[in-house]
1. Choose one of A:Leu593, A:Pro529, A:Ile498: the residue whose Cα lies farthest towards the positive end of the charge dipole of segment A:464-606 (beta-carbon charges +1 Lys, Arg; -1 Asp, Glu; about the Cα centre).
2. Counting only residues 5 or more places away or on other chains, whose amide H sits under 5 Å from the amide H of A:Asp196 once H atoms are built in the peptide plane?
3. Quick one: the Cα spread of segment B:43-103 along its three principal axes, in angstroms, biggest first?
4. About the Cα centre, and with charges only on the beta carbon of Lys, Arg (+1) and Asp, Glu (-1), how big is the dipole of chain A? Nearest 20 debye, please.
5. Which whole-Hz ³J(HN,Hα) couplings does segment A:545-561 yield from phi under the Karplus relation 6.51 cos²θ - 1.76 cosθ + 1.60, θ = phi - 60°, glycine and proline marked x?
6. May I ask for log10 I(q)/I(0) of chain A at q = 0.05 Å⁻¹, from a Debye sum over the Cα atoms as equal point scatterers with solvent left out?
7. Loop only per DSSP, at most 13 neighbouring Cβ atoms within 10 Å: give me the GluC sites (Glu not before Pro) in segment A:198-236, ordered by residue number.
8. For a footprinting-style exposure proxy, rank A:Met154, A:Met440, A:Met348 by other Cβ within 10 Å, fewest first.
Amino acid sequence: MNEQVREIGTQIKVTINGEEYTARRGSTVLEICEDNGIPIPTLCAHDDLKPAGICRICVVDINGGWNLETACTWEVHDPDTVITTHSPRIRRARRAILELLLAEHCGECYTCIRGGNCELEDLAEIYGVRDLRFEREDPRFEPDTSSVSIYRDMDKCIQCRRCVRACDELQAVGALGVFGRGPESRVDTFEGMSFDEAVCTNCGQCVAHCPTGALQEIDHTRAVWAAIEDPEKHVVVQTAPAIRAAIGEEFGLPPGTSVTGRMTTALRDLGFDRVFDTNFAADLTILEEGTELLLRLQAALVEGKDVKLPQITSCSPGWIKYIELFYPDLVDHLSTCKSPQQMFGALMKSFYAEEQGIDPEKMVTVSLMPCTAKKFEAQRPEMADSGHQDVDYVLTTREMAQMIKEAGIPFTQLKDSQYDEPFGDASGAALIFGATGGVMEAALRTAYEIVTGREVPFENLNITATRGFEGFKTGSIVLEDVLDEWSFLEGVELKFGIAHGLANAHEVMERLRRGEMDDVHFIEIMACPGGCLGGGGQPIPTTDVIRQARANAIYSEDEGLPIRKSHENPHVNYLYEHYLTDGPCGHRSHELLHTEYTPRGFRLKK
Amino acid sequence: MKATAGVDWCEVVDALAEKHDRKPHALMGILQDLQMEYGHVCPDAQIEVALALGISPTHVSDVISFYHFLCSEPKGQYVVWLCQTISCDMADKDQIAKALSDELGISFGETTGDGLFTLEYTNCMGMCDQAPAMLVNDEVHVSLTPDSAREIIAGYRREGGLG
């Protein structure tokens, strides 16, 4: 091993702009400068992604070398490296790069969804660009509106490849690549397919990582405005657990500010007739999915049947499309439970409509989700078990924030309010669905208690083994002194796994295929890094620091709730007593709350 | 050049992956072999290459689109590559381009109706001392004049017509 590599991580002295700093050997110039508050402009760099050195806006001078070097990729190994981050030469070089980028960026800022939150616009502001040195190119592309989730306007693309890298590195999907070369090069799909034909999971991580407005969600705000303003329509909204920990960021609040009460007030002010909590359906999911797991275990352990284990969660529509595309032969491992969004939608236009005496035809169900794949899920043809499309429109966190701003609602000053009944109360277990590991923790709190009659043996019900951002976590819990009806589980060590981000899901599925998961009973998989709180519909930017802050908000809100376990949600119990009377996984719930999957495969049919 | 109809790409690519390796670094070798054998790398073959190497089909086609000498659509029996780089450009390659275009009745990037010729530009082939130069499949022709370019094409036409 060479001397330099061996000493990575030791402290060395470097000089930046004439001042001496201590740095970790092997850090990039960009990291050292960021740690010391020295501003370096970036576009292709993102905390989630490997350094790429593509856009070159971050150029700096290293030891007075012939060429300027990219700060994002230059690792400092030599002690006494002399770095200059601003000089006439550097300023001119960065400015020229910016002017060239602006020349091929077509589109008007004031009609752009990212107006006010665009990294290119920010740089143009910093560099005082008041006119364009190079004539702007003519538009080259037609916008791609084919996907139900994601809108592509490649004329706004600056080819930083953050979408390509997010899709590869974080999600292992590879929907996007860079085609051609030189001035003809462009970000595109395999065979130039439209997004709805391409191998895409609709997760929206490309959107979340785009520095400009080239990638955005398909807009549902106009349809929702129309519904709200139509007096004939009864418009209900459900809000996913991850929104309340993130939407505040859109109004200038620091990441990790929990704004549940202000959000419900804002939605009511906006004109929704009822504001419900998706967490109610998350509690329902736990009862259905937990029961399903216990039934699978019973079938395997007692009846010796060939049921698929491990059972894998099915809440994340990006993950569902991923397994359908890449592991179509393994979809039987998925829980048949619909996601909370879809359980909620199915109950809205059946149970709720019947109880309230509302014609489901006159109902519009909107869901507020941290997710672009939920737009796809809502439009899956099988998601109509109420006899209508169960969920009509899906708004991302960003879209909802824009509507609140448009309505002129002073979000940060609002008073707190509660969700509406009967779908307002939910447990802390449902709330933590928003973080990776949350579904597992919620399921364990309930399943353990169903089987043993006792609470999970962890301090304050916090199952810390399920928490944190490690790519794939495993753990186990031993079932002892079980109730008589679950005697077949006595002494069983229930093994679980948790993965988030589809690249990690890919690893899990490869291991499963090799038979390395045969002793695992239950796996939670969420498509997006960090779980829903890092979803493709969340405020931009999202980084690990921001994900952690949102997770903290979710876990601390859980601790403060009176009900912490899904099976203690009184409304869920009411539903089983009065509507789904044959219980979890019973006939009625199978009709409304469970679903089936489409083994798609990715050897493409054009 | 072999025909592509009815080829079992899974089998073909498997043999090439065995030869080159089943890792991403084997990509160029496999693509060059496919291009050589079949004259192009069709989308079905690209998908099999991706599966064999554990990369995305998008990545495979992204690489093909970058290189002039790899393509995903079939080209003519003879691909004429006229050099467009500085020395050839200064040696009046535009006149050669016009002669080739007139002789074949097609523009650059197109293939003749009989499937015999495709006309393309290429970047420097290292024949700068004998500019202007062109490549027809893997044969180099140098110090071209409009007349010699037309004659060279006529020669291939005779050869192709016989084949």
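Read the figures in this text as sums done on the coordinates, not as results from a lab. Since this is a predicted model, take the numbers as computed values, not measurements. Quick reminder, even Gly has a Cβ in these numbers, built from the backbone with ideal geometry, and neighbours come from all protein chains shown.
1. The residue sitting farthest along the positive end of the dipole is A:Pro529.
2. So A:Asp196 has HN proximity to A:Ser146, A:Ser147.
3. 46, 25, 12
4. Once rounded to the nearest 20, the dipole reads 1760 debye.
5. With the stated coefficients, segment A:545-561 comes to 4, 5, 4, 4, 4, 5, 4, 4, 4, 5, 5, 6, 5, 4, 4, x, 7 Hz.
6. -0.23
7. Answer in residue order: A:Glu229, A:Glu232.
8. With the sparsest Cβ surroundings first, the list reads A:Met154, A:Met440, A:Met348.
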